[in-house]
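Colleague: Take this structure, written in structure tokens, and hold onto it; I'll ask about it next.
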Amino acid sequence: MIALTTRNLLLFIRNRSNVLFSLLGALIAFLLYIVFLKQTLEGSWTDALQAGNAVAALARGPAGTSAVTAADPVTVSDLLDPWLMGGILSITAITTALAGMGQLVYDRENGLIDDFRLACRSTWRIQASYLAGSAIISVVMQLIVLVVTGTYFSVVDHVTLPWRDVAADVQLAGIMLCSAVFGAALAFALTVSITTQRANSGLNTVVGTAAGFLSGVYVPIGAVPAGAQHVMKLWPGAYSAALFRRLLLGDAVSRAFGRAPASVAERFREDMGIGYGIGGVLTTPVQELALLAGITVIIVSAILLVRWVSRHVPMANQGRRRSEHHLQSES
Amino acid sequence: MSTMVRARHLSKWYGTHEAVHDVSLDIAPGALTAVIGPNGAGKSTTIGMLTGVVRPDGGVIEYGGTRAQPTPRALPRSRAGAPRLGVVFQGSVLDGPLTVRENLSIRARLYDGVPGGRVDEVIALVDATDFADQRYGSLSGGQRRRVDIARALISHPTLLILDEPTTGLDIATRRSLWTMLDGLRRRENLSILLTTHYLEEANIAQQVYLIDHGRIHAQGSARDLIARYTQYTLEITFEPNRRSDIESMVRGRVKHAPGAVRRGDDGRGGGPDDAGDGRGDEGARGGDGGHGVSGNPVVIDGDRMHLSVPDADACIELLMVMRPYVRDFRCLRGTMNDVFLTLTGRDAHGASASAGSACDGATLTSTVPTARTDPAAAAVADSIITEGSRS
């Protein structure tokens, strides 16, 4: 299995367009944000921010007296840039996992799976190598995106991210790993019926675009109608986005709206997808992790079950059509 | 074990199309067996069934005496007595962006218990050492085939199966591949089964199966098949002014029948269980109404004459008889294409029999014999043509 995983990784890396193509979803979201999305969002939150900052300044007392040393005023960038990063990481996790899974489609189409089966009897080991390869690619790409966007925002917008906090770093690594693993599982399930490169291309495009919307990156969840919100809450990526956002923002939200009524901060969180309103209460990180895992498992199981049923339950007119390449069909 | 693989009555349907019908094969150890037929004949499907990639709809396959399920899930492992299979597919299954060595190392690690040096060994076996560190995608077609074969050799197979290994390669590359395969067969005692649509590859095989439209039409060595199903073509260039002598010699022999070479009046063709001993039955020659060439046209075209003769001796006798008139001659043995033509009525490359082989169509007009004709010679020639060699 390690041999095949190595092979999948080598093949992914040596194909430049693979790498670029997999980041397309994240890249587009990033560009859209810089070009106009940020300004659009700013408009909604500037007033609330200013009010919050004014209150904080008041609390500091008149110039010269020092009551409490307040933190520097929180800018819009401090709020929105990490928020975007969180969303982009969520998108990257699934789109790069899907891109990595493209090797499975190619191998299936060209009979390589048959070749592997001749050597290695266990289908599970072969499948696991695609999952592992996909997950590794996803983690590495997420890291790259994190570093690139983090550097950009630090330099351009002077945003400070909680790098120094080791606990946060560990948690961040953990979420990246989870997103990668569940992303790979989801990618595997989505790819299970894809037999040609063209179809795979289509799938990647659809998922890349959908991920941006469903994670609430292009349009925050607060800005869409209730029906759409329900759909978004069914998307595993929404929860990984929430987890990322919360971590990357650190205490920025609290500081920004600390002196404003608590409901303002709550509303910000709910509208921007840092926690989702389920049963009237915002989700906690643990709940989000559970939802990420649970929903992924449900979707994957459902897809695999439907596939198993269609294959093994005899239908009318099956007759001679059952004789397909029986090895290929099981990978 | 006397047979490595025995297949009986294999059949396969794709929808309503019967790709393979009642195919039975025996793969003998230490030999090169070739399954030959035109495109679409069912070769790849048959091979697929033998390697376990395609599920047969009927029939049984035994590997080294162990009966496999009709739907073998994967290749038989080295159970006692069962052969270990190595398979080279028609398309390439190796990765272009990886080097030869990387490709082979990865494949080697897929197997259990392959020692570390095996990759270098197989690279040497196929003479690929010079380009072992080049990317597979950058190699020529012939080089890629060698690496494909190396891949199949990693697991020390006892039976190597190749599906159209030489398709798309030029003749020089094909020859070097044949030499390499034969060398492997002899040095490593490797049994080989290959499919091909190049009829001349029958000559490198010890056992040939001719397949067309999903059915086996003949089996045997190339030599056997040629002897059994074809005749010699004798082409004589004669002195231009002796044309009428020649014509009268062969007067009465001309038929307008299409050029079907028949073995005998009973019209027997060949089949997989044909136990015929070879060419025309010697005993029948004596007077059963004429075997051999009785149905074949003699074509006279300008100063050349083509006709079919059953064997080399008949050829020599005819030439001796016609010696005064012969300026030049050619005696051509039958080819595998002729075998194919005999068995299926079609040229292996798609043309049907009536579309014209070189000897089609008669041009002789009968003439009154002139005084210059030697009646004795004519009689001898006549009888030779009719009945074959006397000796």
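The values are calculated or read from the model by the stated rules, or taken from the named source; none is laboratory data. Being a predicted model, the structure only gives us computed values, none of them experimental. Cβ placement follows ideal geometry from the backbone for every residue including glycine, while neighbour counts extend to all protein chains displayed. All accessible areas refer to the heavy atoms of the entire protein, side chains included, with ligands and DNA or RNA removed. Shrake-Rupley method; radii C 1.70, N 1.55, O 1.52, S 1.80 Å.
Colleague: Once a ≥ b ≥ c are taken as the square roots of the eigenvalues of the Cα gyration tensor of the stretch A:2-306, is the result rounded (a/c under 1.5), prolate (a/b larger than b/c) or oblate (a/b not larger than b/c)?
Modeller: Prolate, because a/c is 1.5 or more and a/b exceeds b/c.
Colleague: Per-residue accessible area for B:Ile316 at 1.4 Å probe radius, Å² rounded to 10?
Modeller: Surface accessible to solvent at B:Ile316 totals approximately 100 Å².
Colleague: Could I ask something else about it? Just how large is the dipole of the stretch A:2-306 about the Cα centre, in debye to the nearest 20, putting +1 at every Lys and Arg Cβ and -1 at every Asp and Glu Cβ?
Modeller: 560
Colleague: How would B:Glu239, B:Glu188 line up by accessible area, probe 1.4 Å, largest first?
Modeller: B:Glu188, B:Glu239
Colleague: If you count only protein heavy atoms and use a 1.4 Å probe, how large is the accessible surface of A:Trp235, to the nearest 10 Å²?
Modeller: Its heavy atoms expose roughly 40 Å² to the probe.
Colleague: Still on this structure, please answer the following. Just how much of B:Ser24 is accessible, in Å², when a 1.4 Å probe is used and the result is rounded to the nearest 10?
Modeller: Here the accessible area works out near 30 Å².
Colleague: Average partner chain C-beta neighbours within 10 Å, per residue of A:113-124?
Modeller: 6
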